[in-house]
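Worksheet: the structure to be examined is printed underneath.
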Amino acid sequence: MSLTKHLKSYFLRGLAVLLPTILTVWIFVWAFIFIQKSISVHINRGLVRIMVLAAEDRLTVPQEKIESYLLATKPELRGNPGELAIHAKRPEVRRRALVEHLEQTWVHGPGAIAGFVIAVVSVCVLGAILASVVGRALWRTVDRFIMNAPVLRRVYPYIKQVTDFLLTQEEEQGKLFSRVVAVEYPRKGVWSIGLATGAGLKKVNDSVQKEFLTVLIPNSPTPLTGYVVLVPKEQTLALDISIEEAFRFIITAGVVVPLGQGVGSLPGAGEPLGSGPQ
């Protein structure tokens, strides 16, 4: 193997090792920055306002900060120390300078992390409240109201389905999908991965005198879309893999095989894959 091929092989191998970690870190950093800029900054500004309202008399602001604030907002006071001193003694000027001084620490400085922590804790508290009986009843009322709103009802249900699916924990996913199965779809001899979601429809079961399963056949690499088919139960093959493993297999187009389910590697270029239909 030539030096170029060796270098290419080493580069791709290193990239395969580093890229998942880099992308994971990037996603978390992006999420942190987004929360800081979109949510935390407003929480921190609210904290500053509360501190000023609750303890303005006990909080100190350096005189030079007051003067800097005045010179920034009233440039005409520059070079006029007498007028500057008079304005600096006004309570509303001191209050605004105090807010700006505190924001340097709590909005633009190390205290900015407080807003992020408060946002995370607030979401956890909200989740705990909604998990209670009263919280669930209250949320059902809000949910029904949004579902019946003229414009929101056209968008909200679909967004809710996606977020519910993405944020559902694995044990709760078991309530949505009873198990992973393989079915012959779209034709006999071709097997597809599916998620059993129910016991079929009564009319179909009674008409054919068979027990059916409702199976979702997810699309790859977008498993949130797919086809729902009714399959006779005896024609489904239960797979000993978790729902999470099934989704990894689907999203990666079969590259990431569940542990213990691999049967070997794909034949190389030029090697026959099969004899085709007889």
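Report the trypsin sites (Lys or Arg not before Pro) located in segment 67-114 that are in a DSSP loop and have at most 13 other Cβ atoms inside 10 Å of their Cβ, or state none. Numbers along the way, then the final one.
On the way: sites: Arg78, Lys89, Arg94, Arg95, Arg96; in loops: Arg78, Lys89.
Hits after loop and neighbour filter: Arg78, Lys89.
Could you tell me which of rounded, prolate or oblate describes segment 13-143, using a ≥ b ≥ c as the square roots of the eigenvalues of the alpha-carbon gyration tensor, with rounded for a/c under 1.5 and, failing that, prolate when a/b is larger than b/c and oblate otherwise? Can you show the working numbers first?
Numbers: a/c = 3.91, a/b = 1.67, b/c = 2.34.
Taking the square roots of the gyration eigenvalues as a ≥ b ≥ c, segment 13-143 is oblate.
Hey, which of these cross-link pairs are over 29 Å Cα-Cα: Lys188/Lys210; Lys37/Lys89; Lys160/Lys188? Mind showing how you got there, number by number?
On the way: Lys188/Lys210 19 Å; Lys37/Lys89 34 Å; Lys160/Lys188 36 Å.
Distance filter (> 29 Å) returns Lys37/Lys89; Lys160/Lys188.
Calculate the spin-label point distance for Ile86 paired with Val228, positioning each point 7 Å from the Cα along the beta-carbon direction, and give it in nanometres.
It works out to 7.7 nm between the two label points.
What shape does the chain take by its C-alpha gyration tensor, where a ≥ b ≥ c are the square roots of the eigenvalues and a/c under 1.5 counts as rounded, a/b above b/c as prolate, and the rest as oblate?
Values: a/c = 4.13, a/b = 1.94, b/c = 2.13.
It is oblate, given that a/c is not under 1.5 and a/b is not larger than b/c.
Exposure proxy check: Thr236, Thr21 ranked by fewest other beta carbons within 10 Å?
Values: Thr236 18, Thr21 9.
By the 10 Å Cβ count, ascending: Thr21, Thr236.
Roughly speaking, what is the stretch gain from Asp57 to Val121, that is 0.36 nm per residue apart minus the C-alpha to C-alpha distance, in nm to one decimal? If you can, show how the numbers build up before the last one.
Values: separation 64, 0.36 × 64 = 23.04 nm, distance 2.99 nm.
Using 0.36 nm per residue and subtracting the Cα-Cα distance, I get 20.0 nm.
Between Ile251 and His108, what's the calculated FRET efficiency when r is the beta-carbon distance and R0 is 30 Å? Round to 0.05.
Values: r = 40 Å, r/R0 = 1.33.
After rounding, the FRET efficiency stands at 0.15.
No value in this document is a laboratory result; all are computed from the given coordinates. The model shown is predicted, which means the values in this text are computed figures rather than measured ones. Cβ coordinates were reconstructed from backbone atoms using ideal geometry, including for glycine residues, and neighbour counts include every protein chain displayed.
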